[in-house]
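A.B. asks: Mind having a look at this structure? Questions to follow.
The values are calculated or read from the model by the stated rules, or taken from the named source; none is laboratory data. The structure presented is a predicted model; accordingly, all values stated were derived computationally and were not measured. Every residue, glycine among them, receives a Cβ derived from its backbone with ideal geometry; neighbour counts consider all protein chains shown.
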Amino acid sequence: MTTSANAAGSDAVLTQEQQAALLPGEVIERLRAGNERYVAGSLTSRNHLAQLPAAVSGQYPMAAVVSCVDSRVPVESIFDCGIGDLFVARVAGNFVNVDILGSLEFACHVSGSKVIVVLGHESCGAVKSAIDGVELGNITEMLSKITRAVDAAETTGERASGNADFVAAVTEANVRNTIERIRTESPILAEMESDGQIQIVGAVYELRTGNVAFID
Ligand SMILES: [Zn+2]
């Protein structure tokens, strides 16, 4: 037997039946277990070439992840996932807008994913820039989406990007803010969550260890 994060095995791809049989809590446990393998340096060996044909006719991913664009956060790898396992929406600062909300509704309501993970990460440049009030081109408008988290985060130290504790507090506040926005701005996803069809969870990725710490 394989120890793959998905239900299909290292050279297979999740099927509609396998996806339908997964409960949201089971998907979260698979993601946790996959991250434990990543941290332990024991990623599943995948034959992507062998997986390709099975993925052509459809996709039945178990989860959707809202991540920062940061190159140090290889989303599939940190959960030991492969082709057909995850939808991944990426934007600097891992917030949501109408397009990403639509993508998440597609992932869960249309395509059957059971979990949404809002994934922040340590030492996020977007978070730091929002704290510092950086203004540059389209980055100004983008960072305005994180301002609320900057205002909400608490610290006993300096409210500056040089204060790693404050950056971490803003990062967590931003994840919570994104989850709140999903629930308030997507009635479809809010109803799916209240009905137990999906779970929406937050997490923060630690650059130095590779650990994903789930919030709550
Ligand atoms: Zn980032």
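A.B. asks: Out of D85, D80, I need the residue that is among the charged types (D, E, K, R) and out of contact with any Pro (no Cβ under 6 Å at 6 or more places or on another chain). Which one? Before you say what the answer is, go through the steps one by one.
C.D. replies: Values: D85 fails: out of contact with any Pro (no Cβ under 6 Å at 6 or more places or on another chain).
D80 is the lone residue from the list that is among the charged types (D, E, K, R) and out of contact with any Pro (no Cβ under 6 Å at 6 or more places or on another chain).
A.B. asks: Quick one: which of E172, E158, E180 is without any contact (Cβ under 8 Å) to a residue 40 or more places away in the chain and assigned to a helix (DSSP H, G or I)? Spell out the reasoning first.
C.D. replies: Values: E172 fails: without any contact (Cβ under 8 Å) to a residue 40 or more places away in the chain; E158 fails: assigned to a helix (DSSP H, G or I).
Being without any contact (Cβ under 8 Å) to a residue 40 or more places away in the chain and assigned to a helix (DSSP H, G or I) holds for just one of E172, E158, E180, which is E180.
A.B. asks: Is it the case that the stretch 51-68 has a residue that's within 28 Å of V96 (Cα to Cα) and touching a residue at least 60 places away in the same chain (Cβ under 8 Å)? Before you say what the answer is, go through the steps one by one.
C.D. replies: Keep residues of the stretch 51-68 that are within 28 Å of V96 (Cα to Cα), which gives 55, 58-68.
Subset that is touching a residue at least 60 places away in the same chain (Cβ under 8 Å): 66.
Checked the stretch 51-68: at least one residue is within 28 Å of V96 (Cα to Cα) and touching a residue at least 60 places away in the same chain (Cβ under 8 Å).
A.B. asks: Quick one: what pairs do we get from the stretch 114-130, first residue among the polar types (S, T, N, Q), second assigned to a loop (DSSP other than H, G, I, E, B) and more than 6 Å from the ligand (Cβ to nearest atom), C-beta under 7 Å, 6+ apart or different chains?
C.D. replies: Final answer for the pair search is S123/L207.
A.B. asks: Now, a different point. When you scan the stretch 102-127, how many residues do you find that are within 16 Å of the ligand (Cβ to nearest atom), in a helix (DSSP H, G or I) and surrounded by 20 or more Cβ atoms within 10 Å (Cβ to Cβ)? Even if it seems obvious, please write down each step before you answer.
C.D. replies: Step one: of the stretch 102-127, the residues within 16 Å of the ligand (Cβ to nearest atom) are 117-127.
Retained after the next criterion (residues that are in a helix (DSSP H, G or I)): 125-127.
From what's left, surrounded by 20 or more Cβ atoms within 10 Å (Cβ to Cβ): 126-127.
Count: 2.
A.B. asks: Within the stretch 192-204, track down each residue that is part of a strand (DSSP E or B) and either of a type in the set (D, E) or within 16 Å of A169 (Cβ to Cβ) (or both). Explain how you work it out, then say what you get.
C.D. replies: At the first step, the residues of the stretch 192-204 found to be part of a strand (DSSP E or B) are 199-204.
Correct list: G202, A203, V204.
A.B. asks: Keeping to the stretch 33-77, report how many residues are in a loop (DSSP other than H, G, I, E, B) and either farther than 25 Å from I198 by Cα or within 16 Å of the ligand (Cβ to nearest atom) (or both). Spell out the reasoning first.
C.D. replies: Of the residues in the stretch 33-77, the ones in a loop (DSSP other than H, G, I, E, B) are 40-47, 56-62, 68-74.
Among the residues that remain, those that are also either farther than 25 Å from I198 by Cα or within 16 Å of the ligand (Cβ to nearest atom) (or both) are: 40-47, 56, 68-74.
Result for the stretch 33-77: 16.
A.B. asks: Here is a list of conditions, (1) among the small types (G, A, S); (2) under 24 Å from L49 (Cα atoms); (3) under 13 Å from the mean Cα position of the chain (by Cα), and G84 meets all of them except one; can you say which number that is?
C.D. replies: (3)
A.B. asks: Say we look at the stretch 12-61 and pick out the residues that are basic (K, R) and at pLDDT 95 or above; which of these is nearest to I83 (Cα to Cα)?
C.D. replies: Initially, the stretch 12-61 is screened for residues basic (K, R), giving 30, 32, 37, 46.
Within this subset, residues satisfying the condition of being at pLDDT 95 or above are 30, 32, 37.
Working: R30: 15, R32: 18, R37: 17 Å.
The extreme case among them is R30.
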